[in-house]
Amino acid sequence: MSLRVDNPSPAIRALAKRLVAGATTPETRALACFRFVRDEIHFGFTPCFDLANAEQTLAFRRGHCNPQAVLFASLLHAAGVEARLHLVTISNEILAGIFPPPGGPPARLAHTFTEVRLAGEWRRVDGYIVDPLLHARAVPRLRAEGRRLGWGVHVNGCIDWDGRSDCMVQFVDDEMLAGPDHGTTVDPAPFFASTANPQRLRIVSRLLYRTFAVAPANRTLDGIRRLDTLSATETEVARVVAGTIR
């Protein structure tokens, strides 16, 4: 199975064309794609796990870092912006609180972020992974509990990209590396299928994941992001970031 991002499907090309209508520079085209993935694709999990292609992630309207990176980079290529995927190994601390016991993620995770080439420089971006409502709710909870990681976010993460600098909400700094840096690629499928992938799912574990992990994890995340559980300040922040008020 190919997850190549440099040969987008007709559906992805059509979506990108609509998203970047009126955008006249690579930066504005990249930002349009970024905001779509950040705002329209909820951070969460699907039965396809790492092997969801761009169209499947669109259909689910949900995905974790790896499928969201494939979607974002595919949209960028369709919009005429050079992009590649960068794979690293991190600890499972970023997912703390999401999976109810007795299940849980492996100790080490494969994380993908996107490198976007703008103005002759590669920008590191994964701020599209976490939707604004989840970010607005999770960060104050982490701060109140004195934690830096959990519920899919880093307490110092960024979800508001300006196109001129890096924007990372999960892999905020290289100190988070918990294993090899696997480098860059335009097709992560061979890595996901390899033994180098610390979260590769075999047949039995794939069945267990689909049956017992996907729905509970998504329920946890949906509970965190519900607006009616936010304080007045958090609600205002979430609405501003999401663009519902100006």
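A residue that is in contact with a His (Cβ under 6 Å, 6 or more places away or on another chain) and not aliphatic (A, V, I, L, M) can be found somewhere in the stretch 3-16. Take the conditions under 26 Å from Pro190 (Cβ atoms) and of a type outside the set (A, V, I, L, M) and apply them to Arg117. Does it pass? Here the answer is yes, as Arg117 does meet what is asked. Among residues belonging to the stretch 201-216 that are in contact (Cβ under 8 Å) with a residue 24 or more places away in the chain and closer than 20 Å to Asn66 by Cα, point out the one that is farthest from the chain's Cα centre (by Cα). The selected residue is Leu208.
Right, Arg246: out of contact with any Ser or Thr (no Cβ under 6 Å at 6 or more places or on another chain), surrounded by fewer than 17 Cβ atoms within 10 Å (Cβ to Cβ) and modelled with pLDDT of 85 or more or not?
no
Among Phe99, Phe45, which is in contact (Cβ under 8 Å) with a residue 40 or more places away in the chain, of a type in the set (Phe, Trp, Tyr) and either part of a helix (DSSP H, G or I) or farther than 20 Å from Phe191 by Cα (or both)?
Details: Phe45 fails: either part of a helix (DSSP H, G or I) or farther than 20 Å from Phe191 by Cα (or both).
Every option except Phe99 fails the conditions.
Scanning the stretch 141-168 for residues that are within 24 Å of Pro105 (Cα to Cα) and in contact with an Asp or Glu (Cβ under 6 Å, 6 or more places away or on another chain) yields Leu149, Met168.
Which count do you get for residues in the stretch 180-213 that are part of a loop (DSSP other than H, G, I, E, B) and within 25 Å of Ala83 (Cα to Cα)? Lay out the reasoning, then the answer.
Taking the stretch 180-213 as the starting set, the residues that turn out to be part of a loop (DSSP other than H, G, I, E, B) are 186-188, 193-202.
Those still in the list that are within 25 Å of Ala83 (Cα to Cα) too: 186-188, 193-194, 196-200.
Matching residues across the stretch 180-213 total 10.
Residues in the stretch 154-179 that are farther than 11 Å from Ile90 by Cβ and either of a type in the set (A, V, I, L, M) or part of a strand (DSSP E or B) (or both): Val155, Ile159, Cys167, Met168, Val169. Taking residues in the stretch 48-69 that are at pLDDT 95 or above, and partners anywhere that are crowded, with 21+ Cβ neighbours inside 10 Å and of a type in the set (Ser, Thr, Tyr), the pairs with Cβ atoms closer than 6 Å and at least 6 places apart or on different chains are Ala54/Ser74; Gly63/Thr57; Cys65/Thr112; Asn66/Thr112; Pro67/Thr57; Ala69/Thr112; Ala69/Thr114. Among the residues here, Thr112 does not qualify as polar (S, T, N, Q), more than 16 Å from Tyr209 (Cβ to Cβ) and more than 12 Å from the chain's Cα centre (by Cα).
Considering each of Leu133, Leu142 in turn, give the residue that is within 28 Å of Arg35 (Cβ to Cβ) and under 15 Å from the mean Cα position of the chain (by Cα). Show your work before the answer.
Working: Leu142 fails: under 15 Å from the mean Cα position of the chain (by Cα).
Just one listed residue meets the conditions, Leu133.
Yes or no, residue by residue, for (1) of a type outside the set (Val, Ile, Thr); (2) more than 15 Å from Glu115 (Cβ to Cβ); (3) touching an Asp or Glu at 6+ places or on another chain (Cβ under 7 Å):
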position: Ala32; (1), (2), (3): yes, yes, no
position: Gly44; (1), (2), (3): yes, yes, no
position: Asn53; (1), (2), (3): yes, yes, no
position: Thr57; (1), (2), (3): no, yes, no
position: His64; (1), (2), (3): yes, yes, no
position: Ala73; (1), (2), (3): yes, no, no
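Yes/no matrix, rows are residues, columns are (1) touching a residue at least 60 places away in the same chain (Cβ under 8 Å); (2) not aliphatic (A, V, I, L, M):
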residue	(1), (2)
Leu3	yes, no
Ala16	yes, no
Thr25	no, yes
Arg29	no, yes
Phe34	yes, yes
Asp39	yes, yes
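Return yes or no: is Ala11 over 23 Å from Asp166 (Cα atoms) and surrounded by fewer than 16 Cβ atoms within 10 Å (Cβ to Cβ)? Answer is yes for this residue. Across the stretch 120-133, a minimum of one residue is classified as closer than 15 Å to Ile159 by Cα and part of a helix (DSSP H, G or I).
The values are calculated or read from the model by the stated rules, or taken from the named source; none is laboratory data. Since the structure is predicted, the reported quantities are computational estimates derived from the model, not experimental observations. Neighbour counts are summed over all protein chains in view; Cβ atoms, including those assigned to glycine, are modelled from backbone coordinates with ideal geometry.
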